[in-house]
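So the structure is just underneath, and the comments pick up after that.
Nothing in this text is a laboratory measurement; each read-out follows from the coordinates by a stated rule. The structure displayed is predicted, hence computed values, not measured ones. Quick reminder, even Gly has a Cβ in these numbers, built from the backbone with ideal geometry, and neighbours come from all protein chains shown.
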Amino acid sequence: MNSPELNRERWARVEHLFDEVAEMSPTGRAAYLASACGNDLELREYIESLARSDIAKNTIIEDSIRGLLELAVPDLRSNSDVIGERIGPYRVVRAIGSGGMGVVYLAERADEQFRQQVAIKLVRQRLIDPEIEQRLVSERQILANLDHPNIARLFDGGTTTDGTPYLVMEYIDGLPIDDYCDGRRLSIHERLALFRTICSAVHYAHQNLVVHRDIKPTNILVTEDGTPKLLDFGIAKLLDAGGAATDGLTRDGAVMLTPENAAPEQVLNGRITTATDTYALGILLYRLLTGHRPCQVGSNPREMALAICEQIPERASAVVTRRTDTSDSQASGDAPMTPELISRYRSTTLEKLVRRLKGDLDNIVQVALRKEPARRYRSVNEFSEDIRMHLASLPVLARPDSWHYRSGKFVRRHVAGVAMSSMLVALLAAFGVAMVVQNKRIVQERDTAKEVSTFLEEIFMAPDPGNARGLDITAKEILAKGADRISDQLGDRPVIQATLMGTIGRVYFNLGEYEPSIAMLEESLRIRRQALGEQHPDVAAGKNELAVSLIRTADFERARQLLEEALAQNRREYGESSTEAAANLYNLAALHQATGELDEAERFAGSSIAIYAQGGDRYAADLAEAKNALARILHDKNDLDGAETLEREAIALVKTHLGEDHPFMAYYLQNLAVVLQTKGDIDAAEAMLYESIAATRKVLGEEHSLLGGSLVRLGTLLHNKGNSILLRRRFAMLLPCTPGPGARSIRSSPTI
Amino acid sequence: MAAARAVTELLENWRSGDKGALDELTPLVYEELRRLARRYMRSERAGHTLQATGLVNEAFIRLAGMDVQWADRAHFYAVAARSMRRILIDHAKAWRRDKRGGGVRPATLHEAGVAGQLAAADDLLAIDEALARLAEIDPRKSDVLVLHFFGGMTYDETAEALGVSTATVHRDLRLGRAWLLNELA
């Protein structure tokens, strides 16, 4: 940006104008500046550019400062410095391990009064703010109070002369539990018994409100006499009264934990509870039983997060027959595993091993490894008890999962979390995948029952940002309860029941919960068919709604069939040019766009526009949506002039009929920016993006995922423009934008 | 701690109008910050984010201790923030000299093969130059930016340290930031 020559007087003028316009909308600002600056175009343009920089909120300055500091820190490993040094009354003998938090050394009491070997963990040098230091002290205190035969004792702690915090712990001369089990050729039975001892230690910690958070083989050493000891509460956390780990350090922990042992909620920065340890114990048990890891986590953070959150582990009894190839094992650092070797380590044959694992043990491990914390064992104790029941040949609690839960629902619900926690910009952009808004025309009110349902509908429709411009997180609970009540209590009034189910189905759709949405809409349609007959207009409306959800889950054939039936029905009932038919045509356009049949898509969208255009003001929103849809289709067909014209028409419609603060504005402005960018009109695209960012912030809020998409787009655009200094910040720019639940209620495509 | 006492006294003296106290205080703060920065630059690369503001904070605790009046703390931070700017700029310059063998700038910041470090150093120097330009026409805004970015100071602390209202700091920072970003874009 070339700034004009500034002297003090001119700067004072700049300051005054900037303060005046800082809080204005882009349009208001433009108007104000046009009159305030008069002919001074340079000044006007300069204030505009300052205002844009004000909006852009990038963190280039902070990043540069931090970046230099960080990059200046060389990759030195100076651990050996410590060997032979004294730390408190101890002399450091040698390093015995290192982890995310620090390095562990064997040390001896230096005064020789009595020989005592201890393990000293030097916490990595870190900047300590007084609050964190205070927490470290209290945490150390509480860990020191953990007194369990299978937990390594914490003796002492302090800070070295250069300020590095350290902990003094019981020195355990033993082997990691997996090596120990294999080395001793422990049978499955013996492994389970050993594992239960670990469970008792973890359960004890939980009872003392401590969650370990980093349970893995190298943190469980088994001594010569077979006693397992749980170590390294380095990133352990105290639980608060609600059972969640206190925050603050939780984030640190999530960063530092070992990926292959991470639970989904750790990857997603979710609530860390005792269930997190249950999951880690599940991984441990899986490895002890099978010699394999339940999840193959790649090195790339995106794959890693997806593997942890989505990959359902293979059954223990199946995985033992697998041979890891050399490249896999090299990647994971494990020795190559063959079924023969695994069986031999367990003092059995493959055939017997498979039989032994099948059934109970398969199920027990799967329950512990469930993606949703609430669906795992309720406590480590319950987990351990189930193993005891199994060992006693009694029925166990664990049951195989139903197909319903295997569909990655968890990750879909938390997909925003995945994106943010691992900076998955690609995933974030995927929110922009075309989503179709349904043009639901709820059938005319005909009886008093309708009034009741309308009333209820209003309550339920609140989570739709199109109505409420904001989302209450507890809405999902209301929904779930509402759905239950409707199923239970309205059985004798099927028409109302079906309408309300349809409403809930649509709200679920807007929340991105497609499975419950489809389930609800299916049920609603079924009830309508039964109560009203196949030919009833409400059945056609139900088909239309269901089709919209089906398109989202890529069930295109079923959606097409339903839409064609509904269209034929509506044409018969309401006429060729009815808005009911237009809604079907609109959705058929979306369907064909999704399947890449762009000519058909264009034809359908055009037909729906023709109908809505005749409908007057009442259908302005539908007309705008249809034009936006056609703009996207034309963009895909590379008819960019046509796309631009239609998008501008759609924007004008929203401005006139729905107001500038309507959520459609944010999307349409971004769509227009995309068209302009594709056309090569970069400056206009940039200006449009600033407008769209401002509109998104205002209408959808700081946390909406559309904002992330816009900022990424802006970053890319600036990069292409040659503003390279800003490029490296575009990921950082995403940071203030955490997609909230509203992120999935995208009404139309932000990316064309 | 003798040092802590000295620093606390210097801060109090300064607050009660002894301008000489600042001259004594600055080198103390500067040296402590440099020492801390060196230590971190030597130490193992940590998995956490290193913050200039963290260094300032730590220097404060080391030099002044915890038991210091809030107003003195703000003044200390202001000194530290300005020192931090100097330290980082010196470092960036030295770094660039080393890596480029005499400070020959490449044609563009992101020429193939130019390391991210160089870019970070260049960015910081660009920021520094821009701040210096701003100081010529509006010294206070420049100072507000320095305290904010290099010292991580809050609006209230900045207001206290500079003897202006919090609202002024708000406005200064908003425009100053937009101006700076504009200059860098």
| request: Holding the Cα-Cα limit at 32 Å, pick out from A:Lys358/A:Lys543; A:Lys698/B:Lys141; A:Lys121/A:Lys352; A:Lys371/A:Lys637; A:Lys543/A:Lys637 the pairs that are longer than that. | output: A:Lys358/A:Lys543; A:Lys121/A:Lys352; A:Lys371/A:Lys637
| Which FRET efficiency, nearest 0.05, do B:Ser165 and A:Arg526 yield, Cβ-Cβ r, R0 56 Å? | 0.25
| request: Give me a single rounded figure for A:49-55: the average over its residues of other chain Cβ atoms within 10 Å of their Cβ. | output: 5
| task | Lys and Arg at +1, Asp and Glu at -1: add these up for the other residues within a Cβ distance under 11 Å of B:Val146 and post the number. | result | +3
| task | Give, rounded to the nearest 20 debye, the magnitude of the charge dipole that region A:621-673 has about its Cα centre when Lys and Arg contribute +1 at Cβ and Asp and Glu contribute -1 at Cβ. | result | 20 debye
| Label point distance in nm, A:Glu85-A:Leu394, each placed 7 Å from Cα along Cα→Cβ | 5.4 nm
| request: Estimate the FRET efficiency between A:Tyr32 and A:Ala144 by the formula 1/(1 + (r/R0)^6), using the beta-carbon distance for r and 51 Å for R0, to the nearest 0.05. | output: 0.20
| field | Paramagnetic reach from A:Glu23 (point 7 Å along Cα→Cβ, amide N under 20 Å) across region B:144-162 | value | B:155-156
| said: If a paramagnetic tag sat 7 Å from the Cα of A:His657 along the Cα-Cβ line, which residues of region A:552-578 would have the backbone N under 20 Å from that point? | reply: A:575-578
| If you place +1 on the Cβ of every Lys and Arg, -1 on the Cβ of every Asp and Glu, and leave all else neutral, what size is the dipole of region A:539-685 about its Cα centre, to the nearest 20 Debye? | 240 debye
| message | Please give me the summed charge of the neighbours of A:Asp636: other residues whose Cβ is under 12 Å from its Cβ, Lys and Arg +1, Asp and Glu -1. | response | -2
| query | Order of A:Glu686, A:Glu534 from fewest to most other C-beta atoms within 10 Å? | reply | A:Glu534, A:Glu686
| request: Return the distance in nm (one decimal) between the two label points of a simple spin-label model at A:Arg603 and A:Arg109, each offset 7 Å from Cα along Cα→Cβ. | output: 9.1 nm
| Based on the alpha carbon coordinates of region A:488-628, what radius of gyration and maximum Cα-Cα distance (Dmax) apply, in Å? | 14.9, 47
| task | Could you work out, residue by residue across A:355-364, how many beta carbons of other chains sit within 10 Å of that residue's beta carbon, and then give the average as an integer? | result | 0
| request: Express in nm, to one decimal, how much length is gained between A:Arg184 and A:Glu9 on full extension, taking 0.36 nm for each residue of separation and deducting their alpha carbon distance. | output: 54.6 nm
| query | So, counting K/R as plus one and D/E as minus one, what does the shell of residues with Cβ under 12 Å around A:Ile172 add up to? | reply | -3
| task | Any chance you could run the full-extension gain for A:Asp40 through A:Thr349? It's 0.36 nm times the residue separation minus the Cα-Cα distance, nm to one decimal. | result | 102.4 nm
| said: Please compute, for peptide B:173-180, the average count of beta-carbon atoms on other protein chains lying within 10 Å of each residue's beta-carbon. | reply: 6
